[in-house]
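Read the structure below first, then the notes.
The values are calculated or read from the model by the stated rules, or taken from the named source; none is laboratory data. Keep in mind the model is a prediction, meaning the values are calculated, not measured. Reconstructed Cβ throughout: ideal geometry from the backbone, glycine too, with neighbour counts over all protein chains shown. Calculation scope for accessible area: heavy atoms of the full protein, side chains included, ligands and nucleic acids excluded. Shrake-Rupley method; radii C 1.70, N 1.55, O 1.52, S 1.80 Å.
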Amino acid sequence: MQKITPHLWFDKEARQAVELYTSLIPDSKITSVKTIRDTPSGDCDIVSFELAGQPFMAISAGPLFKFNPSVSFHVKCSSKEKVDAIFHKFSEGGTVLMPLDSYPFSERYGWVQDKYGLSWQVIFLGENDAPQKIVPVLMFVGKVTGKTEEAINFYAEVFKNSPDGAGSNTGANVFARYGKGEEPDREGTVRYAALALRGQEFGAMDSAREHNFTFNEAVSFMVPCETQKEIDYFWEKLSADPKAEQCGWLKDKYGLSWQITPTILNELLGGKDKEAAARVTQAFLKMKKFDIDGLKRAYENK
């Protein structure tokens, strides 16, 4: 079962950013770099990489979307020295959101936006060993503040019932809630929750403080699908904004962006036949929900 992949949208800096990330975080590597041509954004570099074994993808596709703290990434470290080293590197040219310090939930923690705008929460785990070192964290703000618990239960239900057979590795748990006197956050809303989708950990939290951002397409989550049945299922369950449907992208009812992608697409675009790959590119640019048979016909020039 292929993992859900965080997808990062950069203007022109995908390669440089990924080189930084993979150099800072242990057990990380770039797995491929390719270019798709003649898109509405021109020629776009696509970089596939891993951070501590977690698959990621980055694209340089123009200045359409900007990163913000509504989606950040926990970096779980086994020593305070690693926390300090990673935090200070991410801070260079960036913005500190929570200073590196001791907090009730960790002896060493800091939240920072790097020079590209992407947010990282670097945290010391103490004696605890985390099988997943990089964890996406969703912060529900603005119109969706207070809906974290509803959202994680919704996502858990969607993935539990999916036809991909990964439902047994899915679940949601609330670990901490806001208490009385913690306004503007309402008592009982979610301070932090954990969500497993296909066995992968996600974090989620409410924040009722005034923010000038919300979820957008700068960070989306790719759901790889083997069959058209899987694509159809996730599209029906998740898509809530017809205007956001394009090239396999959709937005759910909380505004979070997903990409419902056929696994065969990498094969069709990554072969030696550049003309066939170009036909596939032009075919999928016209699609909203991906049609696997349509992609195959484009590749075969039928």
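Observations
- Antiparallel beta bridges, as assigned by DSSP with both residues in the chain, represent about 70 percent of the total such bridges.
- Accessible surface, per residue, of the range 149-198 when the full set of protein chains is kept, probe 1.4 Å, Å²: 51 Å²
- Per-residue extension of 0.36 nm, minus the Cα-Cα distance of residue 85 and residue 297, leaves a gain of 71.3 nm for this segment.
- For the chain, built as a Gaussian network whose Cα springs stay under 10 Å, the top-fluctuating residue of 145, 189, 39: 39
- Charge tally in the Cβ shell below 11 Å around residue 10, where Lys, Arg are +1 and Asp, Glu are -1, residue 10 excluded: 0
- FRET efficiency estimate (nearest 0.05) - Cβ-Cβ, residue 41 to residue 157, R0 30 angstrom: 0.30
- Cα long-axis angle, helix 14-24 against the chain (0 to 90 degrees, to the nearest 10): 40 degrees
- Potential lengthening between residue 27 and residue 210 on full extension [0.36 nm per residue; Cα-Cα distance subtracted]: 62.2 nm
- Here the label points at residue 127 and residue 287, each 7 Å from Cα along the C-beta direction, are separated by 5.1 nm in the simple model.
- Positive minus negative residues near residue 108 (Lys, Arg vs Asp, Glu; Cβ under 11 Å): -2
- Carbon plus sulfur fraction of accessible area for the chain, probe 1.4 Å, in percent: 48 percent
- Pairwise FRET efficiency - residue 176 versus residue 241, Cβ, R0 = 35 Å, nearest 0.05: 0.70
- Phi to ³J(HN,Hα) by Karplus 6.51 cos²θ - 1.76 cosθ + 1.60 over the range 84-98, Hz, x for Gly, Pro: 4, 5, 5, 4, 5, 5, 5, 6, 5, x, x, 9, 7, 9, 9
- Residues with amide H under 5 Å from that of residue 140, placed H, sequence gap 5 or more: 205, 206, 207
- Fully extended contour minus Cα-Cα distance, from residue 275 to residue 186, at 0.36 nm per residue: 26.4 nm
- GNM top mover of 67, 87, 175 - the chain, alpha-carbon springs below 10 Å: 175
- Our helix-only sum for the chain, with -39,500 (n - 2.57) per DSSP H run of n ≥ 4 divided by its residues, gives a mean residue ellipticity at 222 nm of -7500 deg cm²/dmol.
- A 1.4 Å probe run over the range 77-125, with the rest of the protein chains in place, finds 48 Å² accessible per residue.
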